[in-house]
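Input: a single structure, listed below in structure tokens.
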Amino acid sequence: MENRKQEEKEEKRVALQTPRGEVSIQGPVSTHLIEKCTFHHELANFRPPPRQKEALIFIAGLPEGMVYTALYGGSIIGYTTFHRPHKFSRWSRHPRILELGTIEVAPEWRRYGVGKKLLEVSFANPSLEEYVVITTEFSRHWDLRGSCLSVWQYQKMLTKLFGTVGMQQVHTDDPSILEHPANVLMVRFGKNTGARDRLLFAELQFEKEGSEARAVRVT
Ligand SMILES: CC(C)(COP(=O)(O)OP(=O)(O)OC[C@H]1O[C@@H](n2cnc3c(N)ncnc32)[C@H](O)[C@@H]1OP(=O)(O)O)[C@@H](O)C(=O)NCCC(=O)NCCS
């Protein structure tokens, strides 16, 4: 366990060439690194940028929290986060679930492969093989206007993007997912998770009495 914690926090760095210059994809980053970096003023998809920066500092400081950043110069231009599910969420009852909370790239840096590289670098962390990683994608958070995509095109773009690191779309009766037909739950079972982890996940997928389609994969 100690070794796993060590690996989890050991920072990796990868350079990504983009038409706007070289971006450093790195993580898991320390709270200190986030504090000292400027935060791109258009990283505003989820919260106003100063509040989102505070959220990243908070997550980076959690025992099982991890933040990966895309840095250009001293500025964070993209990030992705991992943390334990919120205590009121059904997924928190699974001891090995880690939630990929958010991924965001500043609009002027999008479509240069930054999002994909953030996922590639973070999922190369061997500690993620110990976890059942989930992501709950809510269409109300999607940048439909900025992307010029319909809600279904955006869903397809995201499921393909998360699919690049082995995440798969699955059914659930979680009311927050069922709230909108485009919402998606995706999961990836780390190589070192076992049958018990899969069973417990399947039990959490469908909690309503009489749910039939237990653990059915969508795609
Ligand atoms: C989703 C997001 C992180 C993608 O970041 P990005 O750096 O633009 O992603 P990439 O450049 O790595 O592109 C990944 C793939 O998605 C495709 N894609 C991304 N944006 C697209 C768009 N607007 N239209 C069509 N395809 C798009 C890319 O072409 C690429 O596909 P490919 O691998 O087949 O070439 C970014 O759009 C974003 O920050 N959106 C707002 C926040 C959000 O919706 N987060 C997800 C929910 S948590």
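FYI, it's all coordinate maths here, none of it is from the lab. Quantities reported herein were computed from a predicted structural model and do not represent experimental measurements. Ideal geometry is used to build each Cβ from the backbone, glycine not excepted, and the neighbour counts take in all protein chains shown.
Key figures
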item: Between 0 and 90°, nearest 10: helix 151-163 axis offset from the chain longest Cα axis; result: 90
item: Pairwise FRET efficiency - R198 versus R110, Cβ, R0 = 45 Å, nearest 0.05; result: 0.85
item: Sequence ranges 30-42, 105-117, ranked by mean other-Cβ count within 10 angstrom, highest first; result: 105-117, 30-42
item: Radius 12 Å from Cβ of A55, net charge of other residues (Lys, Arg +1; Asp, Glu -1); result: +1
item: Kirkwood Rh in Å, taken over segment 45-156 so that all alpha-carbon pairs contribute; result: 15.1
item: Selection of chymotrypsin sites (Phe, Trp or Tyr not before Pro), segment 123-171, meeting DSSP coil and at most 16 other Cβ within 10 Å; result: F138
item: Residue with peak Gaussian network fluctuation, the chain [Cα springs, cutoff 10 Å], from R84, R51, R96; result: R51
item: Rough spin-label spacing in nm, given labels placed 7 Å along Cα→Cβ, for K160 and E207; result: 3.4
item: Among L71, I134, T193 the positive-end extreme of the charge dipole of the chain (Cβ point charges); result: L71
item: Separation of the E42 and S24 label points, Cα + 7 Å toward Cβ, nm; result: 2.3
item: Whole-number D in µm²/s for segment 2-205 (Stokes-Einstein; Kirkwood sum over Cα pairs; 10 °C, 1.306 mPa s); result: 92
item: Of I34, G113, P181, farthest towards positive along the dipole that unit charges on Lys, Arg, Asp, Glu beta carbons give the chain; result: G113
item: Nearest-0.05 FRET efficiency for S176 and S150, computed from C-beta distance (R0 35 Å); result: 0.95
item: Candidates per trypsin sites (Lys or Arg not before Pro) in segment 171-208, loop by DSSP, up to 14 other Cβ within 10 Å; result: K191, K208
item: Computed label-point distance, nm, for sites A124 and E35 using a 7 Å Cα→Cβ extension; result: 2.9
item: Degrees, to the nearest 10: 49-61 long Cα axis against longest axis of the chain; result: 70
